[in-house]
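Student: First the structure, then my questions, so here it is.
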Amino acid sequence: MGDPHKITGLIRTEGKTRVYQMDDGSVETREGGTVSWRNNNPGNLKFEYANSADKTVHTARTKDAALTAAQGRYEGIVALDQWGNAVFETEAAGRAAKAQLLRNSHGDKTIPEMLKGYAVDDYTGKANTDAYAQSVYAVGDAQGVDLRGKKIQDLSEKEFGALLDGMKKVEGFQEGTVTRTQPRADAGPEALNPGQQKVHQMASTALGLQLGATHSPAQIDALARSAAAVAAENAGRGDVQGVFLSKDQQTIALKQAFGISEIGVQEALNRSPTDPAPKAASNEGPQPTLHAQPDTPQMAAQSR
């Protein structure tokens, strides 16, 4: 089985709710708490993109370009939420990314100097860097280290750990509630090969955005698994380039390199792994009118 604590895909992000596909095949819903906890992002690393929920952002960068840039810069980024905050596969990955940012971009600065470029005004309000620094110092004092007047690159491992802990506290890492839908017996990584996993994630994102309000996380997972199975059964049509939903929300279509394969939503919900493949749609003649769905979550990038 895979890691039940590792996020592999973002199914839905809305308000203070995140629905994630986990590495072991389960679906985890996080509600409430703080955004840093919901996103495994203790440093609240943020990447700006056009048309996000953050109306203080002014950039032409698309969400796809932002996510690509974010993933190229830091390991473990799965998606960006509606505000542009990064979603990391684990809290440890989020902490490592924050450490990387501090050392690579702010190593020659003291904590107050770093905070002037790190804690910026955005949709959460105005940044109070003086109060931020004092709170970090207090955490250091509690751990028996003095962080005042020292450049980040000169901090010992213990001091640097205290800095990370202090920033995590200020950024507000508070847990909310977690509910989890356990994987089916056939749902572990052994049931999906790498190609199917890619289609599953693509379908989870696309169908979650369209059907998340009317279908449970377990149902979205079942639909995505059926889509992955259909792709495998029609592998001769080439790689899946996109997952679409018909206007009446009754049919799922997989756009492949050499054609389109379809399966009904209800059929996909009821289908077991041993069911025969549905008939593939012809790549000739008229095709159904479909709603295009993004291959990546609604997110984007420009870090602090």
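The values are calculated or read from the model by the stated rules, or taken from the named source; none is laboratory data. What you see is a predicted model, and the numbers here were worked out from it, not measured in a lab. Ideal geometry is used to build each Cβ from the backbone, glycine not excepted, and the neighbour counts take in all protein chains shown. Just so you know, the surface numbers come from the protein's heavy atoms only, side chains and all, with ligands and any DNA or RNA stripped out. Shrake-Rupley method; radii C 1.70, N 1.55, O 1.52, S 1.80 Å.
Student: Put a dot 7 Å past each Cα toward the Cβ at residue 266 and residue 55; how far apart are the dots in nm?
Tutor: Placing both labels 7 Å beyond Cα along the Cβ direction yields 4.2 nm.
Student: Please calculate how many Å² of accessible area segment 60-147 carries per residue, with a 1.4 Å probe and no DNA, RNA or ligand atoms counted.
Tutor: Spelled out: the 1.4 Å probe surface of segment 60-147, per residue, equals 46 Å².
Student: Quick check on packing: order 222-230, 249-257 by the mean number of other C-beta atoms within 10 Å, highest mean leading.
Tutor: Values: 222-230: 25.0, 249-257: 19.0.
Order by mean packing, descending: 222-230, 249-257.
Student: Right, next: I'd like the carbon and sulfur percentage of the solvent accessible area for segment 105-241, probe radius 1.4 Å, heavy atoms only, ligands and nucleic acids excluded.
Tutor: Roughly 48 percent, rounded to a whole number.
Student: Can you list the residues, at least 5 places off or on another chain, whose amide H is less than 5 Å from the amide H of residue 256, using H built in the peptide plane?
Tutor: Amide H to amide H, under 5 Å and 5 or more residues apart or across chains, residue 256 pairs with 241, 261.
Student: Report, in cubic angstrom per residue, the convex hull volume of the C-alpha atoms of segment 1-62.
Tutor: Normalising the Cα hull of segment 1-62 by residue number yields 102 Å³.
Student: Moving to a separate point now. Can you sort 58, 200, 215 by 1.4 Å-probe accessible area, starting with the largest?
Tutor: From most accessible down to least: 58, 215, 200.
Student: Once phi is turned into θ = phi - 60°, what whole-Hz ³J(HN,Hα) does the Karplus curve with 6.51, -1.76 and 1.60 give for every residue of segment 73-87, x standing for Gly and Pro?
Tutor: 8, 10, 7, x, 7, 9, 6, 10, 7, 5, 8, x, 6, 5, 10
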